[in-house]
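The values are calculated or read from the model by the stated rules, or taken from the named source; none is laboratory data. Given the structure is predicted, the values throughout are model-derived calculations rather than measurements. Because the Cβ atoms are built from the backbone with ideal geometry, glycine has one as well, and the counts that use them run over all protein chains shown.
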Amino acid sequence: MLDFSTVEIVDLLPYMAAGFAAQIIDGALGMAFGAISSTLLVGVLGVPPAQASASVHFAEVFTTGASGLSHAFHKNIDWALFKRLALPGILGGITGAYLLTNIDADMARPLVMAYLLAIGLLLLVRTWRFPEPRFSDPRVVAPLGAAGGFLDAAGGGGWGPVVTSNLLLQGGNPRKTIGTVSATEFFLTVAISVTFIWQLGLSAFTIATLGLLLGGVIAAPFGAALARHVRPRLLLGLVGIILVITSAFSIWQALNG
């Protein structure tokens, strides 16, 4: 457990910067807080992978809460879609967290990343091939929420990339989809974190966790504002770009690890 009496602001700044950058992108595009913050923690700041994963999940309880409130303020949430996503996502997340120690998530991760890479490419094609994409209510929601929640907990991330990208591919309005997925993620993350704390305790709460939390909470209002004011076609394209970059990087890491 972190001893707050020993923490100095200078020590927090690198982790706050990582959390701020990750949340700006996540709040605006509905994905990638886990992927970006984990990459910065492990690849740039030298945090061990297991500690980085624990820090990201705990910090997300607060960043997703702030992000959800900001999206609600900017009227980015489709509450009917929210109701269809929330319960399946929570159940999938609890199941994934509980089974984490009994499955080899690392073996499945490259396959999931390859799938998300293909989705990202399809979104880019949809963005540039059609001048003004037409939007419609997504039909496949509950199974998608359950799968996204499970992968997020068992694979160390995946709610935003899996759920946001697939809802957009089904024709969901980018602003409403991003806001709804971000708001739902708070309840998912709380369920996952409670399950992890029940199993592991609070020993993984470190200075990296605190820095990510503070940086992410500060950035949350700005990401939601961007999602409201950026044109839907541009949002769709940016989601595709982020998905392609993060998925390709994860595949490269898995193949060279």
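One line per residue, one yes/no per condition, for (1) of a type in the set (S, T, Y); (2) modelled with pLDDT of 85 or more; (3) buried (at least 18 other Cβ atoms within 10 Å of the Cβ); (4) touching a Ser or Thr at 6+ places or on another chain (Cβ under 8 Å):
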| site | (1), (2), (3), (4) |
| --- | --- |
| M1 | no, no, no, yes |
| Q23 | no, yes, yes, yes |
| A28 | no, no, yes, no |
| A66 | no, yes, yes, no |
| S70 | yes, yes, yes, no |
Residues that are closer than 26 Å to V217 by Cβ, at pLDDT below 85, of a type outside the set (A, V, I, L, M) and part of a helix (DSSP H, G or I): does segment 94-110 have at least one? yes
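Residue-wise test of (1) modelled with pLDDT under 80; (2) in a helix (DSSP H, G or I).
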| residue | (1), (2) |
| --- | --- |
| L117 | yes, yes |
| D137 | no, no |
| G156 | yes, no |
| N166 | no, yes |
| G172 | no, no |
Taking the conditions exactly as written (out of contact with any helix residue (DSSP H, G or I) (no Cβ under 8 Å at 6 or more places or on another chain), in a helix (DSSP H, G or I) and farther than 22 Å from A18 by Cβ), does L234 satisfy them or not? yes
